[in-house]
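To start, the structure under review is shown below, and the notes come after it.
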Amino acid sequence: MFYWFMKRIIVGPILGLLFRPWVKGMDNVPLDGPAVLVSNHLSFSDSIFLPIAVPRPVIFLAKSEYFTGKGIKGKLTAMFFRLSNQLPMDRSGGAASSSSLSAGEAVLNNGGILGIYPEGTRSPDGRLYRGKTGVAKLVLATGVPVIPVAMIGTDKVQPIGRRIPNIRRIGIIVGEPLDFSRYEGLAEDRFVQRSVTDEIMYELMRLSGQEYVDVYASSVKEKLAAAKSSEKKAHGKSASAAPTATEQDTNQKSLRSRLTSIKLPVWLSRKR
């Protein structure tokens with residue numbers, strides 16, 4: 001009820017008026033039956049614009065951190081994501097990630113549409129990064145069609161770190177369904193999982209026009225964070241080493257005092 005109310009009555013009409021999203025290929029989304037929507041991930045707002053544009057309800061796998069926040073703000077955020085058809089996705093790997101994928105599989109087995117970002121996180125620089133194989137595992141296990149979606153311009157509307165979005169037009173391109181039934185019976189084959197994932201990423205690259213980078217976006221973010229941390233430490237050291245204005249003034253007075261106390265040689269001090 002909350003999802004329908006927000007989509008049809010409040011958020012949907014407001015966003016449509018302000019951002020005037022253009023959409024191509026929405027008829028590629030099936031009117032019924034299970035399907036996986038796979039999308040590039042440029043901005044936090046992707047998870048708002050895409051579900052509003054799709055006629056059917058879309059349940060997204062969102063990072064688990066949105067559901068585990070502390071305090072009033074954390075609880076309100078978690079409540080919002082649950083009420084807006086979002087499921088927590090643990091990205092740490094292993095059993096935790098498998099459990100999250102099982103929740104997504106249940107959505108598909110019930111005939112729903114599941115939304116997932118194969119990159120696993122937002123792009124740090126607008127480029128398209130290597131996909132993680134979780135989406136392939138879901139698709140191979142359920143045999144459902146994959147609908148590729150390219151979000152256009154959402155990184156300009158709400159870049160990483162920006163809370164209040166810029167008002168500008170965004171676009172959504174929905175590609176033709178991808179069928180991986182030829183891999184039936186090979187769901188546990190890691191080479192097949194990688195092949196399926198790479199095919200999905202290629203289609204997203206083709207639809208979005210993004211430059212593709214064959215590394216994980218999470219790895220790039222870790223390196224950027226480490227570099228930023230090192231830069232801060234280096235800046236802190238240089239700042240602590242540099243004298244303040246007060247210290248400089250004190251040093252100058254001390255230097256003048258020492259200079260005036262120096263006894264000059266007699267031949268220099270004689271009056272000419």
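The values are calculated or read from the model by the stated rules, or taken from the named source; none is laboratory data. Small disclaimer: the values here were computed from a predicted structure and weren't measured. All Cβ positions, glycine included, derive from the backbone under ideal geometry; neighbour counts span all protein chains shown. Accessible surface areas use protein heavy atoms only, side chains included; no ligands, DNA or RNA. Shrake-Rupley method; radii C 1.70, N 1.55, O 1.52, S 1.80 Å.
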With every protein chain present, what accessible area does His235 have (1.4 Å probe, heavy atoms only), rounded to the nearest 10 Å²? 130
Checking the a/c ratio against 1.5 first, then a/b against b/c, what shape does the Cα gyration tensor give for segment 131-222? prolate
Counting only DSSP loop positions in segment 152-232, the GluC sites (Glu not before Pro) whose Cβ has at most 14 other Cβ atoms within 10 Å are Glu184, Glu188, Glu211
Using R₀ = 30 Å, calculate the FRET efficiency as 1/(1 + (r/R₀)^6) where r is the Cβ-Cβ separation of Lys73 and Ala141; round to 0.05. 0.25
Counting Lys and Arg as +1 and Asp and Glu as -1 over every other residue whose Cβ sits under 14 Å from the Cβ of Ile113, the net charge comes to 0
Shape category assigned to segment 7-71 from the gyration tensor of Cα positions, a/c cut at 1.5: oblate
Please label the shape of segment 178-219 as rounded, prolate or oblate, based on the square roots a ≥ b ≥ c of the eigenvalues of the alpha-carbon gyration tensor (a/c under 1.5 means rounded; beyond that, a/b larger than b/c means prolate, else oblate). oblate
Integer Hz, Karplus 6.51/-1.76/1.60 couplings in order for segment 5-15, x for Gly and Pro: 4, 5, 5, 8, 9, 10, 5, x, x, 5, 5
Anchor Lys7: lysines whose Cα lies under 25 Å away (excluding residues fewer than 8 positions away in-chain): Lys24, Lys63, Lys73, Lys75, Lys156
With the crude spin-label approximation of a point 7 Å out along Cα→Cβ, what separation in nm comes out for Arg163 versus Glu222? 3.0
Using a Förster radius of 45 Å, what is the FRET efficiency between Ile10 and Ala234 based on their Cβ-Cβ separation? Nearest 0.05, please. 0.40
Using modelled backbone amide H atoms (1.01 Å from N, in-plane), which distant-in-sequence or interchain residues come within less than 5 Å of Leu87's amide H? Phe60, Leu61, Ala62
